[in-house]
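A short write-up of the structure that comes next.
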Amino acid sequence: MAGSGVPGGLNEGQMKLMQDLEVEVMADLFNRMTAVCHRKCVPTKYRDSELSKGESVCLDRCVAKYLDVHERIGQKLTNISQAEQEQMKSMMAAQQATP
Amino acid sequence: MDTQSIRNLRDFLQMYNRISETCFTQCISSLLERDVQSDEVACVQRCADKHINSNQKIMQVFMEVQPQVVAKRMEKMEQQMAETQAAESAEAQPQTAEATEVQPQAAVESAQAEAVAQ
């Protein structure tokens, strides 16, 4: 497809792939978060089918904290991968500079 | 962006999710507040760093060891092929009524074929 070699520019097919990937990753995040928060907040006694106030509050805080942690780790990973890319660029530039 | 890049991106994002889950489970001790506490923040930073470093180390060792494993496997396969060929060529020899004479002959010939193959 035309434009597939252009960096930064995405054609329709690639856009679709990226969107699919994003949906898949979001779903994975949601599933993991659900499993973790359920494990932390909902005891397995099962005396009642309704959520108690404590459990509701716990789940609310759990989700908020999970997304906070997720964002922090995302920032860290972005910084690291950016630093690595800069390093690669400077290395390649240095290689090209030497005759 | 080709399939390899997309695969890399998918691996990266899955690793991201896995690190989030693990570090949250290990580091977030109390759910009494909606905000993440400072000691939890520090724990998460260390946890993420450790996971990233161990990931890099694992990749490094894997790239070292994997080619050796593949080479060994190829060697074994070639050896087995040579043995099968030698056995087949020994069977194809004309059989005479005197079995005792043929057997040592076949053994010698298959041994020679093996030596040639190696």
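Of note:
- Enumeration of residues in the range B:33-50 that are more than 9 Å from chain A (Cβ to nearest Cβ) and either surrounded by 12 or more Cβ atoms within 10 Å (Cβ to Cβ) or basic (Lys, Arg) (or both): B:37, B:43, B:46, B:50
- Per the listing B:12, B:24, the residue uniquely surrounded by 12 or more Cβ atoms within 10 Å (Cβ to Cβ), under 20 Å from residue A:58 (Cβ atoms) and of a type in the set (Phe, Trp, Tyr) is B:24.
Condition check ((1) of a type outside the set (D, E, K, R); (2) exposed (fewer than 11 other Cβ atoms within 10 Å of the Cβ); (3) more than 30 Å from residue B:36 (Cα to Cα)) across all residues:
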position	(1), (2), (3)
A:53	no, yes, no
A:74	yes, no, no
A:82	yes, yes, no
A:85	yes, yes, yes
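- Residues of the range A:43-99 classified as more than 8 Å from chain B (Cβ to nearest Cβ), acidic (Asp, Glu) and closer than 22 Å to residue B:28 by Cα, total: 2
- Residue A:89 vs. criteria at pLDDT 90 or above and exposed (fewer than 11 other Cβ atoms within 10 Å of the Cβ): yes
- Residues located in the range A:44-83, provided they are over 21 Å from residue A:32 (Cβ atoms) and in contact with a helix residue (DSSP H, G or I) (Cβ under 7 Å, 6 or more places away or on another chain): A:80
- Of the residues making up the range A:60-99, those that are of a type outside the set (Gly, Ala, Ser), out of contact with any Asp or Glu (no Cβ under 9 Å at 6 or more places or on another chain) and more than 17 Å from residue B:45 (Cα to Cα) number 16.
- Residue A:21 being within 24 Å of residue B:4 (Cα to Cα), at pLDDT below 95 and either in contact with a Lys or Arg (Cβ under 8 Å, 6 or more places away or on another chain) or surrounded by 14 or more Cβ atoms within 10 Å (Cβ to Cβ) (or both): yes
- Residue B:30 being more than 10 Å from every other protein chain (Cβ to nearest Cβ) and of a type in the set (Ser, Thr, Tyr): no
The values are calculated or read from the model by the stated rules, or taken from the named source; none is laboratory data. None of these values were measured; they are calculated from a predicted model. Neighbour counts are summed over all protein chains in view; Cβ atoms, including those assigned to glycine, are modelled from backbone coordinates with ideal geometry.
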